[in-house]
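The values are calculated or read from the model by the stated rules, or taken from the named source; none is laboratory data. Here the structure is a predicted model, which is why all the values come from computation and not from measurement. We place every Cβ from the backbone using ideal geometry, glycine too, and count neighbours over all the protein chains shown. We work out accessible area using only protein heavy atoms, side chains counted, and drop any ligands, DNA or RNA first. Shrake-Rupley method; radii C 1.70, N 1.55, O 1.52, S 1.80 Å.
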2 protein chains.
Amino acid sequence: MSERGSLLSVFALGGINEIGKNMYVIEYGDDLVIIDCGAKFADQSLLGIDLIIPDISYLHENKHKIRGLVVTHGHEDHIGGIPYFLKKLNVPVYATRFTLGLIELKLKEHKILRESTLIEINSNSTLDFGNIQVSFFRTSHSIPDCLGILFDTPEGKIVHTGDFKFDLTPVNDQYSDIHKMAKIGEDGILLLISESTNAERPGSTPSEKEVGKHIEEAFYSATGKVIISTFASNVNRVQQIVEACKKTNRKLALLGRSMVNVVSVARQRGYLDIPDWMLVDARDVRQLPPERVVVLCTGSQGEPLAALSRLSTNSNRDVKVLQNDTVIFAASPIPGNEKDVSKIVDNLFQLGANVIYGSSTITGMHVSGHGYQEDLKWMISLMKPKYFIPIHGEYRMLHLHKKLAEAVGVEKGHTFIIRNGDVVDVQHGEARQTRKVTAGDTYVDNAGADEVGDIVLRDRKQLSEEGMLVIVVSISKENGNRISDPDSISRGFVYAKNSEELLTNINEVVKRTIDPFKDANIMGMKRAIKKEVGTFVFEQTNKKPMILPIIIAI
Amino acid sequence: MSERGSLLSVFALGGINEIGKNMYVIEYGDDLVIIDCGAKFADQSLLGIDLIIPDISYLHENKHKIRGLVVTHGHEDHIGGIPYFLKKLNVPVYATRFTLGLIELKLKEHKILRESTLIEINSNSTLDFGNIQVSFFRTSHSIPDCLGILFDTPEGKIVHTGDFKFDLTPVNDQYSDIHKMAKIGEDGILLLISESTNAERPGSTPSEKEVGKHIEEAFYSATGKVIISTFASNVNRVQQIVEACKKTNRKLALLGRSMVNVVSVARQRGYLDIPDWMLVDARDVRQLPPERVVVLCTGSQGEPLAALSRLSTNSNRDVKVLQNDTVIFAASPIPGNEKDVSKIVDNLFQLGANVIYGSSTITGMHVSGHGYQEDLKWMISLMKPKYFIPIHGEYRMLHLHKKLAEAVGVEKGHTFIIRNGDVVDVQHGEARQTRKVTAGDTYVDNAGADEVGDIVLRDRKQLSEEGMLVIVVSISKENGNRISDPDSISRGFVYAKNSEELLTNINEVVKRTIDPFKDANIMGMKRAIKKEVGTFVFEQTNKKPMILPIIIAI
């Protein structure tokens, strides 16, 4: 970038026009800092794909500049890509104590913990990355130990909020450091980069304490066992479940691998206080009177392999759902998960359970970790930035966040609604968005073994919707004469009416197509078969199966 | 059924534990009446499948008993299966004037209108089906001309509610006939069959008139063009849009095939009053001042091929979305459609439009056509049935509806929560559920040309997630000796690490597998290749692609 002189550049490699795979970059001269490295779950349209992580081509090309990866907090959409990233670029990772605990779990699974460089920081840390000085402030969110980040550069100061809400009555002392934020804003901010998840929701985000009250009431009313499901990482909510157990004299059993792991990390590192006497093994649940037990489990999003899903079909070996047990969904379904959650609710009702589910405005069993419109306006008002970049949201959220910023004083034209890869450059105090770097989706297959390319996905899509026709014919190596009759085999392709007749006719088309060839031009024959058979099948059936011609030259 | 003597039987062939493909049967002796014949849209997990309709094996086997298909109203989940059904069993169809209009549109498309028998009825009609006498009562719903049905049988009276809410201030005089319902209940009902869609929602369903007020306000505030999208069949809402056009002096253009078709049917048959001067062609929209136009279009559910989706990418030839146009979603997203709707909202914001979308409790732009808990209790209270079957809902809704029924006096043990195919038999005034008939899903492929079987679907699923490996080898017809090296071709299958090496190794496995064969045992070779290669590939890659061995015997 020397042709541009020293320049402050800000961009996203993930996290814009999506919720998931957050990754942002701050670059000045030869120093580059990465913020977060998330993953996103693939939806059903990405056939056989499990995870999506950011395309890091740009970082590969500029790896000499990378000073470190700074992590705001431990949610999947901020840390889920780290193992894949470190396998490619082994850079130092900076995160708070709890966040590091979650990252370590991942690196252990991927067997790369030993060779990774993990550096613990806290909200008072400062990092010297050459031209970029980094410091932090505490925020409230739905996971402990979250950071906002201040970057001090020769061009001015940048704040990245991380994920946040303002919770003035938080659980476990997870206060936002509003005084430090006010001081930062007072000193003058060039650019604020703020999350937009709840920019569509009017008002202020309710406090996590509200959920605690409802959990306590439900525990008091429950006559049988209580089964409660929430996000494992919502340690503060788990703490409230523990408090409700104390008050109602119930033991607590943990179910689900991530629940067990995260609770263990949180206890070891001092973020969760559970008395030893309270915890029981899931195997011992059936020996206790139902009214003395709470089972805390994963699966509140309806994940088919998680603990709650198994409980709902009574296929867990140790814990059975009985008549009059109470099952609580202490989480709202993330858009897209409604159907999976509903299926579990159906099953639980069939087992005779009392199920508390549905809109949190009715049940009170969930509050968001992301700031609503008033919270977002508070952040912008505290920071008083000259420029603003809304991130961490789909377009409509970024758009509405921009309107909020303008309402609290950000000048029109000073907000940049960017896409992944769009670069905002700042020089001589002026910000402009004119250029792009490579950004995109990298697909990760089952268990993260492989990256999957677009062609494979396109093939899968065609195969999945129309199936395939394999056409085999053998020819003479010498003169291209056909030796056998063609054979057509279909898989996943269907045409009910006269399907045998269709295959016979296809074989005739194949003969007509290749018999005129005067030599063993295999590529030419394949192309011709694809074209002629494709046209014929489409005319006959209105379908476009994948056509795979196989020519055996003997 | 003669071995059971004359018996009253009630069951569902679709509509239970699902929203969609409603089809119910009332049978007494040799007389059988069908209620509704719906279709359900397939979700992405059913690869390449468009529609699901009821399995009608039972009706095939008992076609001599069928007296007719009686249709409660014209929604897809009640009439969408009719064309497919009539192609198999051409029985007379009874429906109200408006419902018949919608059915005729479908039959025309399927080119079977001429040979179908359609009989117009109204709420005063009575039908004599041998042992079963049928009469009707009017209900309110989100489409005009809806019926509840009373079946009078030798065993007693049955009421099927159809879909309903109670709207005491309906649009276009679509009143529920509550006095007739009270009279029917007074005369004594053996069994009530009632829809359960909104059994989860407390309170009473708001009146359609509420939406009209909000539409009118939005039209008054809009400075540019108004684009409003709703269900084409919600004719009463369309009427309110027409009224708002009148008040704000705007012309009305219709966009989307089903909107044009349904509005045309509704006008012709007297369910919708639009003055001729108000309607303009979509082609003329750009010649009018934006503030004088409303565009009413399909696509409120985010359907990718519908009018609103095309507008949101400005790919409609005639109508463009301009800065400051107002776009109104006058419909809530049906669960599962949220992501598609959000994408369109994102695009519309990018075009600079003012978009009114999201929860109807905030926008006021939608009310449900299905009764909330209080409406459901009203129906049960009016009917005072001895027995109760909740239908038209997923399990949790049926379960909650049962609780509502018990709360208003239905005796415990007198509610049957059935599945599709479960038969409730009534004899000597006592109802029991002990036996089943065949019921299930029939899949309909693109454009409804074909029914798709489970095997094809299973193949597609495997193909879509893991791809396929085609293995070709030629052998001697005489002695089974291998003539060529095996060739492995993959599609949609990927294993990034050393993928060529893998294919080479697979070919070695194939050689090892078939070379010991002493004759041209093609089936045996295929089986062996499938097994050995399958095992090898899974060991090496942890994946299970479909393996298709092709043996050419020459």
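Per-structure values
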| item | result |
| --- | --- |
| Filter result (free of Cβ contacts under 8 Å to residues at least 12 places away in the same chain and either in the same structural domain as A:Val171 (by TED's automatic domain parsing) or open to solvent by 70 Å² or more (accessible area, probe 1.4 Å) (or both)) within the stretch A:278-299 | A:Gln287 |
| Residue satisfying condition, being surrounded by 24 or more Cβ atoms within 10 Å (Cβ to Cβ) and within 24 Å of the chain's Cα centre (by Cα), within set A:Ser116, A:Ser140 | A:Ser140 |
| Single residue of the stretch A:241-266 satisfying the filter (part of a helix (DSSP H, G or I) and over 19 Å from A:Lys106 (Cα atoms)) that is farthest from the chain's Cα centre (by Cα) | A:Lys247 |
| Residue in the stretch A:205-214 that is farther than 25 Å from A:Met365 by Cβ and outside any loop (DSSP other than H, G, I, E, B) present | no |
| Residues being open to solvent by 30 Å² or more (accessible area, probe 1.4 Å) and under 27 Å from the mean Cα position of the chain (by Cα) - total across the stretch A:320-335 | 4 |
| Residue within the stretch B:508-519 that is assigned to a helix (DSSP H, G or I), crowded, with 17+ Cβ neighbours inside 10 Å and within 13 Å of another protein chain (Cβ to nearest Cβ) present | no |
| Residues of the stretch A:462-488 that turn out to be more than 7 Å from chain B (Cβ to nearest Cβ), surrounded by fewer than 19 Cβ atoms within 10 Å (Cβ to Cβ) and either within 21 Å of B:Lys526 (Cβ to Cβ) or not polar (S, T, N, Q) (or both), as a count | 5 |
| Selection within the stretch A:424-435 - surrounded by fewer than 20 Cβ atoms within 10 Å (Cβ to Cβ) and part of a strand (DSSP E or B) | A:Asp425, A:Gln427, A:Glu430, A:Arg432, A:Gln433, A:Thr434, A:Arg435 |
| Boolean, A:Leu272 is in contact with a helix residue (DSSP H, G or I) (Cβ under 9 Å, 6 or more places away or on another chain) and surrounded by fewer than 22 Cβ atoms within 10 Å (Cβ to Cβ) | yes |
| Of all residues making up the stretch A:494-507, the number that are open to solvent by 20 Å² or more (accessible area, probe 1.4 Å) and touching a residue at least 12 places away in the same chain (Cβ under 8 Å) | 5 |
| Subset tally (residues that are within 14 Å of chain A (Cβ to nearest Cβ) and within 12 Å of B:Val509 (Cα to Cα)) for the stretch B:530-554 | 2 |
| Scope the stretch B:145-171; condition crowded, with 18+ Cβ neighbours inside 10 Å, of a type outside the set (D, E, K, R) and either closer than 17 Å to B:Thr205 by Cβ or at pLDDT below 95 (or both); matching residues | B:Cys146, B:Gly148, B:Thr161, B:Gly162, B:Phe164, B:Phe166, B:Pro170, B:Val171 |
| Those residues of the stretch A:353-366 which are surrounded by fewer than 23 Cβ atoms within 10 Å (Cβ to Cβ) and more than 10 Å from chain B (Cβ to nearest Cβ), in sequence order | A:Ala353, A:Asn354, A:Ile356, A:Ser360, A:Thr363, A:Gly364 |
| Long-range neighbours under 7 Å by Cβ, at least six apart or interchain, first residue closer than 26 Å to A:Asp273 by Cβ and in the same structural domain as A:Lys384 (by TED's automatic domain parsing) within the stretch A:173-184, second open to solvent by less than 20 Å² (accessible area, probe 1.4 Å) and part of a helix (DSSP H, G or I) | A:Gln174/A:Asn236 |
| B:Lys412 being assigned to a helix (DSSP H, G or I) and open to solvent by 30 Å² or more (accessible area, probe 1.4 Å) | no |
| Residue in the stretch A:187-220 that is nearest to A:Ser332 (Cα to Cα), counting only those that are open to solvent by 70 Å² or more (accessible area, probe 1.4 Å) and without any contact (Cβ under 8 Å) to a residue 40 or more places away in the chain | A:Glu217 |
| Output for the stretch A:336-352, where each listed residue is crowded, with 19+ Cβ neighbours inside 10 Å and more than 9 Å from chain B (Cβ to nearest Cβ) | A:Val341, A:Ile344 |
